[in-house]
Amino acid sequence: MEYALHHSTINPYSQKEGDAWTSYHERCCAHGTICPYSRQEADAWSSFHERCCAHGYMTLVEDLRQRYRERGEITSRLMETGDRRGILARGAAIRQAYRERLTDPLLPEESLEAETAGTLEFPDYTIEKIVLRGKETLPIPTNLYLPRHREAQCPAVIVLSGHWLPAKAMEAHQRLCANLAMRGIAAIAYDTLYQGERCPYPPAELEAMFGPLSEDMWMVNLHMLGGNLAYLLGHNIGALFLWEARRVLDCLCARPEIDYKRIAAVGQSGGGTQACYLAALDSRISLYAPIQCLSQLAITLEEGIGDCEQSLYGISQNQGVEQWDILWAALPKPVLHSAARQDFFALEGAYAAAREMQGVYQALGREGDYRLEVADCGHEFSQEARCHVYGWLTERFFGRRDAEERPTAVLSSETLRCLDHLPEESPERIYARQLQLLRERRPMEDETILTALGTMRNQHLTVDGTVLDTLGTMRETQVERYTVEMLSETDTELTFYVHVSYNESAFCRLRRKASPYLRIIVSQEPPVESEEASILQVIPWAMESSCRKQQRGYDLETCLFNISAVLGRNITMQRTMQISAALDYAIQVTGAAHVSALGIGSCALPLLLASCMDPRLRPLALARCQISWDDLFQERNYFLPETSIVPGLPEIADLPRLCALSDATVFNPLRADGQP
C-alpha cells in the first residue's frame, strides 16, 4: 500500500541506524520462522517504520517551519514600514516569552556569600579565586581578573562558558579575561553546571556513560541529566543557568572597583546563548557579544534541534520564535554578533539574522549598535574571534579600538581551582528538592487527579482538520475525532493506521476472534496469540526512537522531544489519544464487551495514562517499565527516553498512584537507571 506523504526524501536516522533496521527486516523476511508478520504484514510494517523514521521528526519540523514562515511575514511588514513602535512592541513580547520560560519560581531567592579562596598576582592584573555559596544552592567557583591599571571604577565583562569541560580554565577564556584586564576591563569567569570544578565525573566515567564522544557532546549529555528533570517538573534548565549567571553578576556589581553601568556579557556557543538570556532579562547588562550560537533554525532543523538549554518548553507555542529572536528580546542594547565560516551554526543563518537585525536597529535610529563579525574558523573561540571582542569592547568602553591579542600566561586548572574538594551534590539535587516541594502539594482525591490529567491531555493534543492525502482506502469515524486508514483487511485480520492529528498516526493490527474478549497490547514486540480473545496491537506514533534508546544522551529521541517541547506539545499525551481511538475502533469492529490491556517497555507509560482517562482500558498489566518518576530524582545515572516526559506530571502524581487509579499490575519493573 503506497501512502502519500510529505518530505519523503528526508530520513533523520543515520546511515548506521538505517542499515541496522534494514538488516533486521531482511532477516525477518528471509527467515519466515522468526518473522512475526506475514510478507504482506511485513511490507505494511516496513512502510510504517520508514514513514516514522522519515516523518516523525520531520512532521514536527514542518509544523515549526510554518510558524517561522508566519513569523517572517510579521517581521517583514515591520521592516518594510520601519514601524519603530511595532518593533519595540514585538521586542517586548519576545522578552516576556523568554522571561516566562526562564523564570523558575521554585529556585531560591537567597543571595550568595562570596568567599575568597586565594589570589594570583601578575604584572598587569590579579586573579581572585572566589566561591559563591548559599544554603540551598551549589557552590559556584569563579575567577575574577582585576586590572592593576584602571579607572577608579572600571568596566567589566561576565564571561559565560559554552559546552567545554574546562569552563573558566579553558585557554581561550584565560586569554580573553587576561587581555581584557590588561586593557583596564575587569572580567569574571565561572564554572557553569557540570563543568570545570563542578563536573562530578572523571573523563573515563563520562566515556562509560555516553560513549567515546567529543568533549562538547559529553557536556550536552551531562546538562540533559538536569535538563530532563527540569522538563519533568514543567520548567527549563535554562532558568537555572540564568539564575546562576545573575548571582555571579551580583558578585561583580558588589565590587567597589566595578562601574555597574558598564557591564558586558560575552560567551561562545552555549555561553553565547546564556549571554543573550542575561542581556535580555537583566538590566545590569548594557551590551553583549554572543559568539557562534545564533543561526536560523528553519534551515538547520533537518540536522537536529538545540539542546535542553536552547529548546525552551513552549517558546514557539503561540508564534514561531527563531534562534536570533533573543536579539529582539534584548533590544535596543548594543550587540556584537560573532559567527564563524566553518561552524555548524550555518553561516547562511547568521547572514539572515544580520539582514533583519540591521534593519531593526536602523529603524530604531541605532545603526551602529548591531555588528556582525565573521571569523575564519570552525566552532571554537579562536584568537580572531577574541580579537573581534577586544576591538568592539574597547571602542564601546573607551572610544578607541584595541584589537590585538597580547601574550598572557595560561594556567593549569589546578592553579585556578577554587574548591578544595569535588562537589558532594550534583545539579540534579536542586530538582530533587523542588520535587519534594511539589509532592507536598499533590492532590489526594482521585477525581482531582483524573481531572488534572484530562486537562493536561487536552492542552497537548493537536487535532488538525486538514484532509489527509492518501491513496489508500479511508474509513472515518467521528467518535473522539479520529480517522482510520485501512491498509489490509481479511475476515480475521486488519492492519490500519489511526490518525488523531495530521500525519501523526498509530499503527494497528487487529486479529479478530468470535469472542466477547479483546486484549489490547501496546508494544513493538509481536503479541502472543490467543484462542480466547481478539488481539489488538497498537504501536503509537514515533515509538521507534523511544524503544531503540539504549544509552543516555542526545539522539533522535531527544530531537523528537525537544522539538515538540519548543512547540508546546507533548508526544506521550498524543499517544494516549491514539491508544483510545484504536481501542474505540476495535470495539466497533469486534463488538467486544470485555477489554484487558498490556503495555511493554517504553510503550507502557502512554497506556497507563490512557487508562487513567479511559476506563475501558482497565484492568491493565505493565511489563519491563519504570514505575516511578520520583525515583529518577534520586538516581545519579537515571535512564529516561525523552518522549516519555510529560511536563508537570510529577506535580499531579507519581506512577504508583496512577497504577492504583487504573488497577494496573506491573511485572518485571525497571529501576531508575533502566536496569531490571
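The values are calculated or read from the model by the stated rules, or taken from the named source; none is laboratory data. Being a predicted model, the structure only gives us computed values, none of them experimental. So basically every Cβ, Gly included, is an ideal-geometry build from the backbone, and we count neighbours across all protein chains shown. The protein model used for the area step is the full one, side chains on, heavy atoms only, and it has no ligands, DNA or RNA in it. Shrake-Rupley method; radii C 1.70, N 1.55, O 1.52, S 1.80 Å.
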For the stretch 486-536, with every protein chain kept in place, what is the accessible area per residue (1.4 Å probe, Å²)? 39 Å²
Can you give the accessible area of Trp164 in Å² (nearest 10), computed on protein heavy atoms with a 1.4 Å probe? 40 Å²
Could you calculate the contour length gain from Gln383 to Arg148, that is, 0.36 nm times the residue separation minus the distance between their Cα atoms, to one decimal place in nm? 82.2 nm
Which residues does a label at Thr126 reach in the stretch 149-179, if reach means a backbone N under 17 Å from a point 7 Å past the Cα toward the Cβ? 149-154, 178
If R0 = 35 Å, then Arg133 and Phe344, at their Cβ-Cβ distance, give a FRET efficiency to the nearest 0.05 of 0.40
Once the whole set of protein chains is in place, how much accessible area is left on Glu100, using a 1.4 Å probe, in Å² to the nearest 10? 110 Å²
Would you work out the charge dipole size for the stretch 63-214 about its Cα centre, treating the Cβ of every Lys and Arg as +1 and the Cβ of every Asp and Glu as -1, and quote it to the nearest 20 debye? 800 debye
Along the three principal axes, how long is the chain when you take its alpha carbons, biggest first, rounded to the nearest angstrom? 91, 55, 49
Mean separation of Cα pairs under 8 Å and 6+ residues apart, divided by the residue count of the chain: what relative contact order is that in percent? 14 percent
If you take the square roots of the eigenvalues of the alpha-carbon gyration tensor of the stretch 198-262 and sort them as a ≥ b ≥ c, do you get rounded (a/c under 1.5), prolate (a/b over b/c) or oblate? oblate
List, in order, the whole-Hz ³J(HN,Hα) value for each residue of the stretch 115-122 obtained from phi through the Karplus relation with A = 6.51, B = -1.76, C = 1.60 and θ = phi - 60°; use x for Gly and Pro. 10, 7, 9, x, 9, 10, 9, 9
Take the alpha carbon gyration tensor of the stretch 134-201, find the square roots of its eigenvalues, order them as a ≥ b ≥ c, and report rounded if a/c is under 1.5; if not, report prolate when a/b exceeds b/c, else oblate. oblate
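Around Ala92, with a cut-off of 11 angstrom between Cβ atoms, what is the net charge of the other residues, counting Lys and Arg +1 and Asp and Glu -1?
+4
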Heavy-atom accessible surface of the chain: percent carbon and sulfur, 1.4 Å: 49 percent
Length gain on complete extension for the stretch Cys253 to Arg616, per 0.36 nm per residue less the alpha carbon to alpha carbon distance? 124.6 nm
What are the ³J(HN,Hα) couplings of the stretch 594-605, residue after residue, when phi is run through the Karplus curve with 6.51, -1.76, 1.60 and θ = phi - 60°? Round to Hz, x for glycine and proline. 10, 10, 10, 9, 9, x, 10, x, 5, 6, 6, 4
For Leu287, residues with placed amide H under 5 Å, excluding near neighbours: Ile263, Ala265
What distance in nm lies between label points placed 7 Å from Cα along the C-beta direction at Val528 and Leu213? 3.8 nm
Note down the nm distance, to one decimal, between modelled labels 7 Å out along Cα→Cβ at Glu205 and at Met486. 5.9 nm
So how strong a dipole does the chain carry about its Cα centre when Lys and Arg Cβ are +1 and Asp and Glu Cβ are -1, to the nearest 20 debye? 1320 debye
Tell me the angle of helix 571-590 to the major Cα principal axis of the chain, expressed in degrees between 0 and 90 and rounded to the nearest ten. 10 degrees
With Cα coordinates, the longest principal axis of the chain makes an angle with the long axis of helix 39-81, in degrees rounded to 10, of 40 degrees
9 Å beta-carbon shell around Ser530, net charge (K/R +1, D/E -1): 0
Kindly report, to the nearest 10 Å², the accessible surface of Phe667 as traced by a 1.4 Å probe over protein heavy atoms only. 110 Å²
Measure off 7 Å from each Cα along the Cα-to-Cβ vector at Ala89 and Asp282, then give the distance between these two points in nanometres to one decimal. 3.1 nm
Those residues of the stretch 530-564 whose amide nitrogen sits under 19 Å from the label point placed on Glu303, 7 Å along Cα→Cβ: 554-560, 562-563
Between Ala340 and residues 5 or more places away or on another chain, the pairs with built amide H atoms under 5 Å apart involve Ala375
Report the local net charge at Ala329: Lys and Arg +1, Asp and Glu -1, summed over other residues whose C-beta lies under 12 Å from its C-beta. +1
May I ask for the angle, rounded to the nearest 10°, between helix 84-101 and the longest principal axis of the chain, with both axes built from Cα atoms and the value confined to 0 to 90°? 70 degrees
Pairs Lys135/Lys333; Lys168/Lys549; Lys135/Lys168: which are spaced more than 27 Å apart, C-alpha to C-alpha? Lys135/Lys333; Lys168/Lys549
What is the extension gain from Arg69 to Glu635, computed as 0.36 nm multiplied by their sequence separation minus the C-alpha to C-alpha distance, in nm to one decimal? 199.5 nm
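What shape does the stretch 520-637 have by the C-alpha gyration tensor, where a ≥ b ≥ c are the square roots of the eigenvalues, rounded means a/c under 1.5, and otherwise prolate means a/b greater than b/c and oblate the rest? Please list the in-between numbers first.
On the way: a/c = 1.98, a/b = 1.73, b/c = 1.14.
Prolate.
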Of Val595, Thr572, Pro108, which is farthest towards the positive pole of the chain's charge dipole, taken about the Cα centre with +1 and -1 on the beta-carbons of Lys, Arg and Asp, Glu respectively? Pro108
Once amide hydrogens are built 1.01 Å from N within the peptide plane, the residues lying 5 or more places from Tyr125 or on another chain with amide H under 5 Å from its amide H are Arg148
Please turn the phi angles of the stretch 627-633 into ³J(HN,Hα) values with the Karplus equation 6.51 cos²θ - 1.76 cosθ + 1.60 (θ = phi - 60°), one per residue in order, whole Hz, x for glycine and proline. 10, 7, 6, 4, 5, 4, 6
Cβ-Cβ FRET estimate between Glu404 and Tyr260, R0 fixed at 35 Å, reported to 0.05: 0.80
